[in-house]
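Trainee: Let me give you the structure first, and then I'll get to my questions.
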C-alpha cells in the first residue's frame, strides 16, 4: 500500500467497480446501444476512468509495470477522441488554445506517466500529436516532451489567453540550472501548493465523499521533473503526494 488515506480493500473494490463500468460501456458502444451523439462523451469519460484506475492501482501498491495496460488504453482513446473536443471555451463561447484545469491535469499526468514508465516514442508521440493538433503550447508539457523527444522545436511562447497562475514553483524548478534551488522549489510546491491549487478540481477532497470516487492524490509531474533534471529527491520523497516509486522505477531503468 502506498496511499495513506484508504485501505487495500477499498482500492480492490474501487478498481473492480471501475473495470466493470468500463467493460459495460465498451460492450454498449460495440453493440450500437449507445446513441451516436453519446459515443464521444462516453469515450471521454472512459479516459477519465482509466486515469483513475492508474492512480488507484498505484495507490494500492501495484508495480509500475501494472499501470501500463490502462496507460496504453487511455493514450489510444486520447489520440482518437481528444483533439478539438477538450479545449477551453471562453466567456464569449470562443474556443481557446488551452485546456481547463481538469483537462490540463489529464494531459500533464499522461505526459508525466509516459516519461516515468518509459513508454516508447511511438506511444508518447500520440499525446504530442494531440496537443499539436489542438495548438496548445505549454511550458510544462514541452519540458517533459522535449526530454523524451530531444529534437522537438523549442517553445517560444505559451498559447494562453485566459490566464491562470498555477504550478508556479514547479515551472520555476524547470527553468533554473541550480539543482539545489530546483529541489527546494519542488519540495515547497508539494508541501504548500499542489493540493491547495486544485481546490477547484473535480477530485479535490473526494476522499471525504460518500460515493467512493477517491483514487489517490499523486503529483506525477513532480516526479517527472525530478527525473528529467536528475535531482536528489531525498528531502521530499516521503511527502504524501510524491510518487517516489515511479521516480525509482524510472531511475532503475536508466
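Any read-out appearing in this document is the output of simple, stated calculations on the displayed coordinates, not a laboratory observation. The shown structure was predicted, so the numbers you read here are calculated from the model rather than taken from an experiment. Every residue, glycine as well, gets a Cβ built from its backbone with ideal geometry; the counts of neighbours run over all protein chains shown.
Trainee: With the crude spin-label approximation of a point 7 Å out along Cα→Cβ, what separation in nm comes out for residue 48 versus residue 35?
Mentor: With each label placed 7 Å out from Cα toward Cβ, I get 1.9 nm.
Trainee: Now for a separate question. Between 147, 173, 30, which gets the highest mean-square fluctuation from a Gaussian network model of the chain, Cα cutoff 10 Å?
Mentor: Looking only at 147, 173, 30, the largest GNM fluctuation is found for 30.
Trainee: Please state the equivalent ellipsoid semi-axes for the stretch 1-78: what are the square roots of 5 times the Cα gyration tensor eigenvalues, largest first, in whole Å?
Mentor: Equivalent ellipsoid semi-axes, largest first: 26, 13, 9 Å.
Trainee: Something else about it: Going from the alpha-carbon gyration tensor of the stretch 26-151, what semi-axes, largest first and in whole Å, does one get by taking the root of 5 times each eigenvalue? Each step should come with its number before you reach the end.
Mentor: On the way: eigenvalues 104, 93, 33 Å².
Output for the stretch 26-151: semi-axes of 23, 22, 13 Å.
Trainee: Starting from the Cα coordinates of the chain, work out the convex hull volume and express it per residue in Å³. List each step's numbers first, then the result.
Mentor: On the way: hull volume 34.8 nm³, N = 254.
Once divided by residue count, the hull of the chain is 137 Å³.
Trainee: Quick one: length gained pulling residue 16 to residue 251 fully straight, 0.36 nm per residue minus the C-alpha distance? Walk me through the intermediate numbers first.
Mentor: On the way: separation 235, 0.36 × 235 = 84.60 nm, distance 3.09 nm.
Length gained, residue 16 through residue 251: 81.5 nm.
Trainee: Right, another one. Tell me, in nm to one decimal, what length is gained between residue 191 and residue 129 on full extension, where the rule is 0.36 nm per residue of separation less the Cα-Cα distance?
Mentor: Numbers: separation 62, 0.36 × 62 = 22.32 nm, distance 3.32 nm.
The residue 191-residue 129 span can extend by a further 19.0 nm.
Trainee: For the chain, what does -39500 (n - 2.57) per DSSP helix run (n ≥ 4), summed and divided by total residues, give at 222 nm, in deg cm²/dmol to the nearest 500?
Mentor: Numbers: 11 runs with 143 residues, N = 254.
About -18000 deg cm²/dmol.
Trainee: Considering the Cα positions of the stretch 155-254, please state its Rg to one decimal place and its Dmax as a whole number of Å.
Mentor: 14.9, 45
Trainee: Each label point is 7 Å from the Cα along the Cα-to-Cβ direction; what then is the distance between the points at residue 9 and residue 184, in nm?
Mentor: 4.7 nm
Trainee: With only alpha-carbon atoms counted, please give the Rg and Dmax of the stretch 192-239, in Å.
Mentor: Calculated on Cα positions, Rg and Dmax stand at 13.4, 41 Å.
Trainee: Have a look at 134, 76, 238 and tell me which one the Gaussian network model of the chain (Cα, springs below 10 Å) gives the largest fluctuation.
Mentor: 238
Trainee: Please give the length that would be gained between residue 27 and residue 121 if that part of the chain were fully extended, namely 0.36 nm times their separation in residues minus their C-alpha to C-alpha distance (nm, one decimal).
Mentor: Numbers: separation 94, 0.36 × 94 = 33.84 nm, distance 3.06 nm.
Gain on extension, residue 27 to residue 121, equals 30.8 nm.
Trainee: So, one more: With r as the distance between the Cβ atoms of residue 1 and residue 65 and R0 = 22 Å, compute the FRET efficiency 1/(1 + (r/R0)^6) and round to 0.05.
Mentor: Values: r = 18 Å, r/R0 = 0.80.
With a Förster radius of 22 Å, E is 0.80.
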